[in-house]
Amino acid sequence: MSKQVTIVGGGVIGLCCAYYLQKTGLDVTVIERGDITTGTSFGNAGYVSPSHFIPLASPGIIAKGLQWMLSASSPFYIKPRLNADLIRWGLQFWKSANEKRMLRNIPHLHNILQLSRELTTAMKDDLGNHFRMVEAGCLMLYKTANTEKHELELAREAADLGIQTKVFSGQEIQQMEPEVEVSVRGGILYPDDCHLHPGDFMHTLKNHLQHNGVTLQLDTAVTGFEKQGRQITGVLTEKGKFECGELIIAAGSWMPDVTKSLGISIVMQAGKGYSITYKNVKRNLRYPAILVDDRVAMTPMGNDLRMGGTMEISGINDHILMKRAQAIFNASKKYYPDLDLQFPERKGIWNGLRPLSPDGLPYIGRHGKYSNLTLAGGHAMLGLSLAAATGKLVGEIINKQKTTIDCSAFNVERYG
């Protein structure tokens, strides 16, 4: 009889863990509080981005200071509130956002991004491209000389890591986008990036797992755990107990709540992002693009167009600040002035919560308190980008194999 592996969390990280584990012949159950039709894994920009090798915790973020962090319409907003978990996270974030720490973390983030990019293509080949994956790269577009200088410096850093880049003038960018007007000073293409439709990817994974013997226990909330010494023997839910030989917690922004009942404190905050998706856009973009000055992502998805962005740290909730969504829309019109789109009503605005570790690196690995507990989370805006690699690494950890890359920087106990 094969070992029973139970995964708490059915987002893209949990499903990618299940994908790799079922390939090794293990008996896998995924427990998910929803029905795998909505959530952060569905409404994001759809990027798989080796270009995003700079961790969120960087000197550039701190340099913006209160100008950004306390403005409700800025790309990076922290809602002021007296909350012990937020204060703890904030102190660790501040300690991590320096050049020395950033330079130490970049190689680790680069390695897992490169691995995940390769594995995502392998998943496409295995599953079939039912999720509109396009390998056209991603543009970093800028409007000012200062931003251009910064992006050229990043391109040089990328080259040092072996990441390809191509620099274009504003006129050349316009030639690359013949269907829409583009108002930019210039841009840099990262050809190795790709994009896909995250909702279609989730549906494809879900169907594949169900057809290959993985049990998806949906609409089921975890209420606690059964333990014997250093072993977690069962997951308690509102629908009964589920046995587990190995337990993986991949609960996204809810990971701290889940681990709390195991006596484990995870330093994490939920970072809300917004997106707006337009169907059947007649004159659409050909290339996905980051509008760097405004921190907005634009993604063509077949005939559809998604725009998204912002990082709002305001706790776990689904409240929508309309001014933040309006800022995303306004940015799109600054860069693409003749896009024939209208700002939607509130029901047309999606929001989701990204799980943020203080240093911008994920938590991947076993926790020492229990002999059969593995954590996988804290991927921030890189959940989809890092999902395939995380699944692969967790599969290797569970099967007691040497991991494909060094995972020491992702130590799940690095904050105690």
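The values are calculated or read from the model by the stated rules, or taken from the named source; none is laboratory data. Quantities reported herein were computed from a predicted structural model and do not represent experimental measurements. Don't worry about glycine lacking a Cβ; one is built from the backbone with ideal geometry, like all the others, and counts go over all protein chains shown. All accessible areas refer to the heavy atoms of the entire protein, side chains included, with ligands and DNA or RNA removed. Shrake-Rupley method; radii C 1.70, N 1.55, O 1.52, S 1.80 Å.
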Can K282 be described as more than 24 Å from P337 (Cα to Cα), of a type outside the set (G, A, S) and open to solvent by 50 Å² or more (accessible area, probe 1.4 Å)? no
When only residues in segment 306-325 that are charged (D, E, K, R) and buried (at least 16 other Cβ atoms within 10 Å of the Cβ) count, which is farthest from M255 (Cα to Cα)? R306
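Name the residue, out of D318, D359, that is of a type in the set (D, E) and in contact (Cβ under 8 Å) with a residue 40 or more places away in the chain.
Numbers: D318 fails: in contact (Cβ under 8 Å) with a residue 40 or more places away in the chain.
On inspection, the qualifying residue turns out to be D359.
Say we look at segment 212-240 and pick out the residues that are without any contact (Cβ under 8 Å) to a residue 40 or more places away in the chain, outside any loop (DSSP other than H, G, I, E, B) and within 26 Å of K400 (Cβ to Cβ); which of these is least open to solvent (accessible area, probe 1.4 Å)?
So, considering only residues that are without any contact (Cβ under 8 Å) to a residue 40 or more places away in the chain, outside any loop (DSSP other than H, G, I, E, B) and within 26 Å of K400 (Cβ to Cβ), the one least open to solvent (accessible area, probe 1.4 Å) is G234.
For segment 236-252, name all the residues that are in contact with a Gly (Cβ under 8 Å, 6 or more places away or on another chain) and more than 19 Å from G391 (Cβ to Cβ). Even if it seems obvious, please write down each step before you answer.
Looking only at segment 236-252, we keep the residues that are in contact with a Gly (Cβ under 8 Å, 6 or more places away or on another chain), and these are 236, 241-244, 248-252.
Across segment 236-252, the qualifying residues are L236, K241, F242, E243.
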Considering only residues that are out of contact with any strand residue (DSSP E or B) (no Cβ under 6 Å at 6 or more places or on another chain), assigned to a loop (DSSP other than H, G, I, E, B), more than 28 Å from L139 (Cβ to Cβ) and open to solvent by 10 Å² or more (accessible area, probe 1.4 Å), which ones fall in segment 326-370? E345, G368, K369
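Within segment 371-416, track down each residue that is polar (S, T, N, Q), assigned to a helix (DSSP H, G or I) and open to solvent by 10 Å² or more (accessible area, probe 1.4 Å). Let's see the steps before the verdict.
Taking segment 371-416 and keeping what is polar (S, T, N, Q), we get 371-372, 374, 385, 390, 399, 401, 403-404, 408, 411.
When the remaining residues are screened for being assigned to a helix (DSSP H, G or I), the result is 385, 390, 408.
Residue satisfying the conditions is S408 alone.
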Checklist (1) under 20 Å from the mean Cα position of the chain (by Cα); (2) at pLDDT 95 or above; (3) open to solvent by 50 Å² or more (accessible area, probe 1.4 Å); (4) over 23 Å from F410 (Cβ atoms) applied to T38, failing item: (2)
Applying the selection to segment 104-163, what residues are under 30 Å from M202 (Cβ atoms), open to solvent by less than 40 Å² (accessible area, probe 1.4 Å) and outside any helix (DSSP H, G or I)? G128, F131, M133, A136, G137, C138, L139, M140, L141, I163
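Have a look at K392, K402, K369 and point out the one that is more than 14 Å from the chain's Cα centre (by Cα) and under 27 Å from F201 (Cα atoms). Walk me through how you get there before you give the answer.
On the way: K402 fails: under 27 Å from F201 (Cα atoms); K369 fails: under 27 Å from F201 (Cα atoms).
After ruling out the rest, the residue left standing is K392.
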With the requirement that a residue be among the polar types (S, T, N, Q) and touching a helix residue (DSSP H, G or I) at 6+ places or on another chain (Cβ under 9 Å), what does segment 351-371 give you? N351, S357
I264: free of Cβ contacts under 8 Å to residues at least 60 places away in the same chain and closer than 30 Å to S96 by Cα, yes or no? no
So in segment 164-186, with the set limited to residues that are among the β-branched types (V, I, T) and over 17 Å from K333 (Cα atoms), which one is surrounded by the most Cβ atoms within 10 Å (Cβ to Cβ)? T165
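If a residue counts only when it is touching a residue at least 40 places away in the same chain (Cβ under 8 Å) and of a type in the set (A, V, I, L, M), which helices (runs of 4 or more DSSP H) contained entirely in segment 16-97 have at least 1 such residues? Step through it out loud before you land on a result.
Working: elements: 40-43, 59-69, 84-96.
The qualifying helices (runs of 4 or more DSSP H) are 84-96.
Would you confirm whether any residue within segment 261-270 is in a helix (DSSP H, G or I), touching a Pro at 6+ places or on another chain (Cβ under 9 Å) and among the hydroxyl-bearing types (S, T, Y)? Break it down stepwise before answering.
To start, the set of residues in segment 261-270 that are in a helix (DSSP H, G or I) comprises none.
So far as segment 261-270 goes, no, none of its residues is in a helix (DSSP H, G or I), touching a Pro at 6+ places or on another chain (Cβ under 9 Å) and among the hydroxyl-bearing types (S, T, Y).
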Determine which single condition L189 fails, assuming it passes every other condition in (1) open to solvent by less than 20 Å² (accessible area, probe 1.4 Å); (2) assigned to a helix (DSSP H, G or I); (3) of a type in the set (A, V, I, L, M, F, W, C). (2)
